[in-house]
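Data first, discussion second: the structure below is written as structure tokens.
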Amino acid sequence: MNFGAFVREKRLLLDLSLRKFSELIGMDASHWSKIERDILPFTEDHRRFSKIANLLEIKENGNDWFTLLDLASISRKEIPEHVYNDAEVLRALPIFFRTANKVKPTEEELNQIIKLLTKR
């Protein structure tokens, strides 16, 4: 799922039309529609992000909050900021990237990832 699809799903559950939602967050409906359809990335500031989360009844620091943050970063082709702030996770990213590209991790690398995941 991408950022726009996630927001659209939450918006529709609250019975908010695209036009009404766009108006409430202070964006042009045409522009917002492109974000929801994953044509444009979500590049807005934290204030607008918080406004969107509030309208969608997403509680700060809850699971949906972090999903929304992560998907917004991914839509911009960026690694989420909270990942950069966690040195241990940041060190493990190259292993993850190589594995995602079908390069088998070494046993040591695999153990590093398992250790990281099991202590969270």
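Looking only at region 81-100, decide whether some residue is surrounded by 12 or more Cβ atoms within 10 Å (Cβ to Cβ), over 20 Å from Leu117 (Cβ atoms) and of a type outside the set (Ser, Thr, Tyr).
Filtering region 81-100 down to residues surrounded by 12 or more Cβ atoms within 10 Å (Cβ to Cβ) leaves 82-84, 86, 89-90, 92-93, 95-96, 98-99.
This time we only want the ones that are over 20 Å from Leu117 (Cβ atoms), so: none.
Within region 81-100, none of the residues are surrounded by 12 or more Cβ atoms within 10 Å (Cβ to Cβ), over 20 Å from Leu117 (Cβ atoms) and of a type outside the set (Ser, Thr, Tyr).
Look through region 52-69, keep the residues that are at pLDDT 95 or above and charged (D, E, K, R), and return whichever of them is nearest to the chain's Cα centre (by Cα).
Asp64
Any idea which of Phe49, Phe66 is within 27 Å of Pro94 (Cα to Cα), aromatic (Phe, Trp, Tyr) and assigned to a helix (DSSP H, G or I)?
Unique residue meeting the criteria: Phe66.
Got a number for residues in region 101-120 being exposed (fewer than 14 other Cβ atoms within 10 Å of the Cβ) and either in contact (Cβ under 8 Å) with a residue 40 or more places away in the chain or not acidic (Asp, Glu) (or both)?
13
Looking only at region 18-33, which residues are out of contact with any Asp or Glu (no Cβ under 9 Å at 6 or more places or on another chain) and without any contact (Cβ under 8 Å) to a residue 24 or more places away in the chain?
Arg19, Lys20, Glu23, Asp28, Ser30, His31, Trp32, Ser33
Could you give me the residue pairs with C-beta distances under 7 Å whose first residue belongs to region 55-73 and is exposed (fewer than 14 other Cβ atoms within 10 Å of the Cβ), whose second residue is among the charged types (D, E, K, R) wherever it lies, and which are 6+ apart or on separate chains?
The qualifying pairs do not exist here.
Could you identify the single residue in His46, His82 that is more than 16 Å from Phe6 (Cα to Cα) and touching a Phe, Trp or Tyr at 6+ places or on another chain (Cβ under 8 Å)?
Exactly one residue qualifies, and that residue is His82.
With respect to Lys51, is the statement that it is on the phi > 0 side of the Ramachandran plot and either outside the structural domain of Leu90 (by TED's automatic domain parsing) or touching a residue at least 12 places away in the same chain (Cβ under 8 Å) (or both) true?
Here the answer is no, as Lys51 does not meet what is asked.
Identify all residues within region 8-28 that are more than 18 Å from Glu57 (Cβ to Cβ) and either surrounded by 15 or more Cβ atoms within 10 Å (Cβ to Cβ) or of a type in the set (Lys, Arg) (or both); write none if there are none.
Arg19, Met27
The values are calculated or read from the model by the stated rules, or taken from the named source; none is laboratory data. Just so it is clear, the structure is predicted and the values come from calculations on it, not from any experiment. Glycine gets a Cβ as well: all are built from the backbone with ideal geometry, and neighbour counts include every protein chain shown.
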